[in-house]
Amino acid sequence: MKPRRLAYGRGRRAAALLLLPLLLLLCLCLAGLFLLLLHGSSAPMEAEEERPAAAAASMVEAKAEVEEAPLPPGNTKVAFLFIARNRLPLDLVWDAFFRGDKEGRFSIYVHSRPGFVLTRATTRSRFFYNRQVNNSIQVDWGEASMIAAERILLSHALKDPFNERFVFVSDSCVPLYNFNYTYDYIMSASTSFVDSFADTKAGRYNPRMDPVIPVENWRKGSQWAVLIKKHAEVVVYDEVVLPQFQKHCRRRPLPEFWRDWDRPIPAEAWKAHNCIPDEHYVQTLLAQTGLEEELTRRSVTHSAWDLSSSKDRERRGWHPVTYKVSDATPALIKSIKDIDNIYYETENRREWCTSNGKPAPCFLFARKFTRGAGLKLLNSVIVDSGEVMNIITGATAF
């Protein structure tokens, strides 16, 4: 007898057809039960819409609370603005100086030649890593490019709202005191420290600057200034005095700067106005804008101008003395620290130096020191009140 496969097959299909309505009914019941449970456990739509609004309000309140919270002590900073050719030859001296701060009260900005980067390969101090500005320019001594570099440094430093003082520093400059003394000295003054005096020497002021810059506002002084934030902003946003300097303030082409040696120096060159922009710009700008009463009209950076130090008659008086290794002695540093007044002959004015209302040394920094001279000072000690101390940092040597 043959197997009855077809009959077997038809019997299962019939059974499946009978069970199908029961399965559909069961699925409908389960779906209804699921929707009932879901509806019972869900919050109303209005409540769901209120949650994001409440969360957003909470975030706004938290943000406002953070913004309005008082700043922790020690956040007010001094910005050190280094103007360098390439590397910083005295970086180890400044490294020892900055190590004296434990509260984050300083920031560093370096203007060097375009493309130069401060890394482990180019500086021995971690404080200077990547502290170069990213839009530096080529700077030539005695040209308006120097004041452009100063403005670049200030524009970067002003982006940090905690920077309140701005110190221009030469790459040949050393600190004379430890960080705490220097910080307190600078911050205790509500004024800028700007070496500024009336310049009566013929040939400096160019009459073509008048009437934009009248001669009575013409000033001279050292470029190594300490500015309060208000004055730093005046320098950065100046659009009136700077163009006049770029057009009419240029140094005279003296023989040592005359580059085309095959040609004689033009006769008219000796009639040109001999104007060094960085020795006049900040001083004249602040006088021009009526801010001279907000200045302590002296520098806190010492430079020794020795008219007889150069054998070249034409260069005498153009550059300060450079201290070499043999010059870098405790006696030299003491002689600079002992200066307590500065006399300005053109104004018959003697500036007695004070800090926080009390008599104080005039200078916090000194230049020009070679790398060897700076390292010698870093390793030199003095005896003060029976203690052997480092000549710069003031740290106890033993």
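Details
- Residue count, segment 85-115 (criterion: under 22 Å from L158 (Cα atoms), open to solvent by 10 Å² or more (accessible area, probe 1.4 Å) and part of a loop (DSSP other than H, G, I, E, B)): 6
- Among the residues of segment 160-192, just one is open to solvent by 10 Å² or more (accessible area, probe 1.4 Å), within 11 Å of the chain's Cα centre (by Cα) and either within 23 Å of E279 (Cβ to Cβ) or among the β-branched types (V, I, T) (or both), namely R165.
- Yes/no for A157 being open to solvent by less than 40 Å² (accessible area, probe 1.4 Å), touching a strand residue (DSSP E or B) at 6+ places or on another chain (Cβ under 6 Å) and aliphatic (A, V, I, L, M): yes
- Residues satisfying the stated conditions in segment 160-180, i.e. part of a helix (DSSP H, G or I) and in contact with a strand residue (DSSP E or B) (Cβ under 9 Å, 6 or more places away or on another chain): F179
- Scanning segment 324-381 for residues that are part of a helix (DSSP H, G or I) and either surrounded by 18 or more Cβ atoms within 10 Å (Cβ to Cβ) or free of Cβ contacts under 8 Å to residues at least 12 places away in the same chain (or both) gives S326, A331, L332, I333, S335, E345, A373, G374, K376, L377, L378.
- For segment 387-394, the criterion of being at negative phi and either open to solvent by 70 Å² or more (accessible area, probe 1.4 Å) or at pLDDT 90 or above (or both) is met by at least one residue.
The values are calculated or read from the model by the stated rules, or taken from the named source; none is laboratory data. Values in this document were obtained by computation on a predicted structure and should not be read as measured data. Virtual Cβ from ideal backbone geometry, glycine too; neighbours counted across all protein chains shown. The accessibility values were calculated without ligands, DNA or RNA, using every heavy atom of the protein model including side chains. Shrake-Rupley method; radii C 1.70, N 1.55, O 1.52, S 1.80 Å.
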